[in-house]
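Remarks on the structure that follows.
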Amino acid sequence: MRSTVRYTLFSLLIMTIVLPLRGKQQSPLIDSLKRELKNAHSDTLKARLYVGIGSHLASSDSSGGFQALKKGLSLALSSGEDYYIANAYASLARFFQIYYLQDSAESYYQKAEHLLLKYSNVRNQKLLLFIKQNHLTLKISKEPDKALNEALSLVPLAYKVGDQVTLGNLYNNIGVWFMNISQYEKAIQYFKKSVAVKIVERKQYARFAYSYVNLAACYYRSDRIDEMKPYLDEAKNYLLKANDRQEVWSWYYNYRGLYAFEKKQYQPAEKDLLKGLSIAKKETDALAQSNILGTLVKLKQAMGDNQRALAYAQENVRLNLKGSQLGALDDLADIYEKIGDYKHAYEAKSLYAHLADSLNESEKKANLNEIEEKFQNANKQKQILQLQHENEVKSFALQKNRLYTGLLTATSLLLLTLAVLYFQSNRHHKKQLIQHKKLHQLEMDKISQHNQISLLSAMLNGQESERTRIARDLHDGLGGLLSALKIELSSALKKENKYTKLTDPLKKIDYAVDELRFISQNLMPETLLKYGLGEAIKSYCSRMRNKGIQLICQIFHYNNELTQEKELILYRIMQELVTNAIRHAKASTIFVQLLKSEDKVTLTVEDNGIGFDKTLLVKNRAGNGLTNILSRIEYIHGELDVHSQIGNGTTFTIECNIKS
């Protein structure tokens, strides 16, 4: 396998369904749809046009896009035609998927598919194929193996309805799936199937180019360098025909440069790689830039130009791309060591070690999640077997003498009484613990509020430092101990055939580990320290949505212009406002927006809760939560604007200058 150059796989994205319109969002197209809508008379035509407008607005204007899609669905329902109703459902599913509302997206996908399953005509079957293909993009992150099986099951349907475009896309994406798990021979088979389909539309040229570049990538990764060139030549031919997908050229030049590098043709390799880098920068494709920069580092080292290799490595590190940062730091440390700059080599190695530890922790979490899923599946199977056994016992018991029935009834009543008593005692104990925690928290809040103003700066710094330490201790110490305890206990119990007797305690250990992880992330968001405020807010909103809270998040034009101290304070304010909206405002939907405009950054948190009386802000600052928020805003010299009416929700807007 290749190890000299880093690379990252890419695949052709599945297009959003818009009937019959599919393409990039552009205002002239939307204007054209709106003009056509003015002259439309039938409900089906209006429904199609509204769905088209809503789908094209979805990513840029969430409110306008959603309203247009709802109008399209309403008209489709009025027409009573399942084809247009299913199209509207599928477009709404894509809308919710864009904004990470996975449950809503899943529901609308299922509605759309259910409507079309009863039809066997080509028109409806083609739409069903498109919808199922888009549905796979939702499933693949949760159940990749199941998604692959479903993709394979769609191939016969694509053949049946004669949809060559979708068939080629399916083969390409199945090939990418196999390439990602290093099964290159299978990947090559499906990429070749992808380029063997019949060309019926010009837009297939770009997908053909993708598949040929992926074939070259498979041969490169399999150490079959001589077999790369024919596929690179084919990729170039189709790219020239497509003439509309510039980002593919950067990947083409990347692998052509790798081919020349392996052939020790260093000058042609450098020329191709620099072309690819220029295109990647123009298209703002950070992933392609990182891959090409990594290859240029190896190339310049092979040519003996360590200074130029150092410049490329530094540029790659500055990209700060999550998937390739580790390799970029390794290259940087290696070059510093070769040129005798041991101080910077040590610093780069230190950053490398820190990042590697973080990635290892992520892998551990993924492994734990996989183990948990396997455990739950095994537990469900045991429960099914247990239910079957209980049914057999009940069936046998009915055939016995009524004397045994009376005895069994008395025993059951006794056991039920004991269970009720145990449940009541346990519930009472839990209530006492909760009350004790609440009283303790109230005391801590009073102490914190009393000292807040006079010691604000020192408190904030000390608080964040302590959060970091506690989060690390919880995560590395107690988290690891609980996970290890659970695995060892499960293994021991299985060996002794006592696994089912302690199922509940094992579930509680799992629950404790999950809660510990969530608490650790809330105490100190590593995403903020590594990637800035925008990514930290996205990550927080995603975690809250996973807990069942409807959170819409938008980040506009923000590129980490604030200092880390201000970012952390704004992040804490956002956490506090979201928590207040959930706990006190009883909100069902919360909207979080971060916007950078000129020399200011604006944070907006809006909810549809019960609202409150704004005069409470003036009277003693109305509680610890708002006191903390106001104090933090004063500390960063920011401004707060609050709009709230009882029964009509609340909007908090915090504005602060980028420069002090």
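Couple of notes before you dig in:
- Computed from the C-beta positions of residue 39 and residue 70 and an R0 of 22 Å, the FRET efficiency is 0.50 to the nearest 0.05.
- Surface composition of region 291-339: carbon plus sulfur atoms hold 42% of the accessible area, using a 1.4 angstrom probe and ignoring ligands, DNA and RNA.
- Label-to-label distance, nm, for residues given as residue 430 and residue 346 (7 Å Cα→Cβ offset): 5.4 nm
- For region 90-196: rounded, prolate or oblate by the Cα gyration tensor [a/c cutoff 1.5]: oblate
- DSSP-assigned coil residues among trypsin sites (Lys or Arg not before Pro) in region 247-329, each with at most 10 further Cβ atoms within 10 Å: 264
- Extension gain from residue 320 to residue 152, taking 0.36 nm per residue of separation minus the Cα-Cα distance: 56.9 nm
- The protection proxy used here, the mean number of other Cβ atoms lying within 10 Å of each residue, ranks peptides 525-537, 549-561 as follows, highest first: 525-537, 549-561.
- Applying 0.36 nm per residue to the separation of residue 615 and residue 404 and subtracting their alpha-carbon distance, the gain on full extension is 68.8 nm.
- Among 333, 321, 311 - extreme Cα towards positive end, dipole of region 263-335, charges at beta-carbon: 311
- Pairwise centroid distance, computed over Cα atoms, of region 119-167 with region 522-552, Å: 33 Å
- Spacing of the modelled spin labels on residue 62 and residue 657, each 7 Å from Cα toward Cβ, amounts to 3.1 nm.
- Region 198-262, dipole about Cα centre (Lys/Arg Cβ +1, Asp/Glu Cβ -1), debye to the nearest 20: 300 debye
- Comparing Cα centroids, region 565-620 and region 215-259 end up 49 angstrom apart.
- Rough spin-label spacing in nm, given labels placed 7 Å along Cα→Cβ, for residue 552 and residue 180: 2.9 nm
- DSSP-loop trypsin sites (Lys or Arg not before Pro) across region 541-595, with at most 13 other Cβ within 10 angstrom: 547, 586
- Calculated FRET value between residue 646 and residue 283, using beta carbons and R₀ = 56 Å, to 0.05: 0.65
- Residue among 91, 148, 119 farthest towards the positive dipole end of region 82-183, charges placed on Cβ: 119
- Förster-model FRET efficiency, 25 Å R0, residue 543 and residue 584, C-beta, rounded to 0.05: 0.80
- Placing unit charges on the Cβ atoms only, positive for Lys and Arg and negative for Asp and Glu, gives region 142-207 a dipole magnitude near 240 debye about its Cα centre.
- Per residue accessible area of region 141-291, 1.4 Å probe, in Å²: 44 Å²
- Residues listed by number, region 143-184, amide nitrogen under 18 Å from residue 102 label point at 7 Å toward C-beta: 143-150
- For region 58-102: rounded, prolate or oblate by the Cα gyration tensor [a/c cutoff 1.5]: oblate
- This model, with +1 at the C-beta of Lys and Arg and -1 at the C-beta of Asp and Glu, gives region 531-651 a dipole about its Cα centre of some 520 debye.
- At a probe radius of 1.4 angstrom, the accessible area of region 53-109 per residue rounds to 37 square angstrom.
- The apolar share of the surface of region 215-257, taken as the fraction of accessible area on carbon and sulfur atoms (1.4 Å probe, ligands and nucleic acids excluded), comes to 41 percent.
- Length released on extending from residue 438 to residue 223, taking residue separation times 0.36 nm less the Cα-Cα span: 71.1 nm
- Cα gyration tensor, region 193-282 - rounded (a/c under 1.5), prolate or oblate: oblate
The values are calculated or read from the model by the stated rules, or taken from the named source; none is laboratory data. Just so we're clear, the structure is a prediction, and the values are computed from it rather than from any experiment. Quick reminder, even Gly has a Cβ in these numbers, built from the backbone with ideal geometry, and neighbours come from all protein chains shown. Keep in mind that these areas ignore ligands, DNA and RNA; they rest on the heavy atoms of the full protein, side chains included. Shrake-Rupley method; radii C 1.70, N 1.55, O 1.52, S 1.80 Å.
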